[in-house]
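Colleague: Could you have a look at this structure, given as structure tokens, before my questions?
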Amino acid sequence: MPNRTLHTIVRNRPLVIANPHMTVLEAAKAMKAKGIGSVLVERDGELAGIFTERDLMNKVVAAGLDVSTTILDQVMTRDVMGLESDKPLSHALHLMHQHGFRHVPVLEKGRPIGMVSSRDALGLEWEQFVREVKIANDIAEILA
């Protein structure tokens, strides 16, 4: 399986790191300015959560919250799983597949440096990953 490291994928990408008290409006403007679909939220130097376009739609707009007064701490996704930057993309794909999410923060010594998304899997890695999952499922079925 082609296995670019996460660092290789995110090294030249824009990233927004927000604090939990940033408003949804500020976060949305930052995402638009950088052309990205999510922000990482840091508290006391540690990854505290992630706020994505999906959170904006489901937790803010659909709930009728005011974007100018709602803060990220109220609507961000908590308990985010990140991976260290030396890991291969396949590790991020496995996390996304197992837990049903679309973004994985990339960390260096626990601090966020970037983000990979399901879009990064489009290409050779995704095709190979699907084949490997099928093989693993087939083997599990045979052994069961």
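Colleague: What length, rounded to one decimal in nm, is gained on full extension from Lys109 through to Ile139, with 0.36 nm per residue of separation minus their alpha-carbon distance?
Modeller: 7.2 nm
Colleague: For the stretch 1-74, what's the radius of gyration and Dmax over Cα atoms, in angstrom?
Modeller: 13.8, 46
Colleague: Within 14 Å, Cβ to Cβ, of Lys59, how many net charges do the neighbouring residues add up to if Lys/Arg are +1 and Asp/Glu are -1?
Modeller: Value of the local net charge: -2.
Colleague: Rounded to the nearest 10 degrees, what's the angle between the helix 89-99 long axis and the longest principal axis of the chain, both from Cα atoms, 0 to 90?
Modeller: 70 degrees
Colleague: Follow-up question, since we're still on this one. Going by how many other beta carbons lie within 10 Å of each one, how would you line up Glu53, Glu26, fewest first?
Modeller: Sorted ascending by nearby Cβ count, the order is Glu53, Glu26.
Colleague: Here's another thing I want to ask about it. To the nearest 10 degrees, how steeply does helix 24-34 sit against the main Cα axis of the chain, on a 0 to 90 scale?
Modeller: So the inclination is approximately 60 degrees.
Colleague: Within straight cross-link reach of Lys32, meaning Cα distance under 14 Å, which aspartates and glutamates are found once same-chain residues fewer than 8 apart are removed?
Modeller: Partners found: Glu53.
Colleague: Taking the Cα-to-Cβ direction at Thr69 and at Leu25 and moving 7 Å from each Cα, how far apart do the two end points lie in nm?
Modeller: Calculated label separation equals 1.1 nm.
Colleague: Shifting gears a bit: Within 10 Å of each residue's Cβ, count the other Cβ atoms and sort Phe129, Phe51 from fewest upward.
Modeller: Phe129, Phe51
Colleague: Compute the normalised compactness of the chain: alpha-carbon radius of gyration over 2.2 N^0.38 Å, N being the residue count.
Modeller: In units of the globular-protein estimate, the chain measures up at 1.14.
Colleague: Using just the helices of the chain, give the 222 nm mean residue ellipticity in deg cm²/dmol: DSSP H runs with n ≥ 4 each add -39,500 (n - 2.57), and the total is spread over all residues, rounded to 500.
Modeller: Rounded to the nearest 500, the figure is -10500 deg cm²/dmol.
Colleague: Which residue, Ala62, Ala18, Ala27, tops the fluctuation ranking in a GNM of the chain built on C-alpha contacts under 10 Å?
Modeller: Looking only at Ala62, Ala18, Ala27, the largest GNM fluctuation is found for Ala62.
Colleague: Same structure again: Say the dipole of the chain comes from +1 at the beta carbon of Lys and Arg and -1 at that of Asp and Glu; which of Val133, Leu143, Gly49 then lies farthest toward its positive end?
Modeller: Gly49
Colleague: Can you compute the charge dipole magnitude of the chain about its Cα centre, using +1 on each Lys and Arg Cβ and -1 on each Asp and Glu Cβ, nothing else charged? Give it in debye, rounded to the nearest 20.
Modeller: About 380 debye.
Colleague: Give me the percent relative contact order of the stretch 6-143, please, defined on Cα pairs under 8 angstrom at least 6 residues apart.
Modeller: Relative contact order of the stretch 6-143: 24 percent.
Colleague: What does the charge add up to near Gly110, with Lys and Arg as +1, Asp and Glu as -1, over the other residues with Cβ less than 11 Å from its Cβ?
Modeller: My count for the surroundings of Gly110 gives -2.
Colleague: Please arrange Lys134, Lys59 by how many other C-beta atoms lie within 10 Å of their C-beta, fewest to most.
Modeller: Lys134, Lys59
Where a number appears in this text, it was derived from the coordinates with a stated rule and is not lab data. Source: prediction; values computed, not measured. Because the Cβ atoms are built from the backbone with ideal geometry, glycine has one as well, and the counts that use them run over all protein chains shown.
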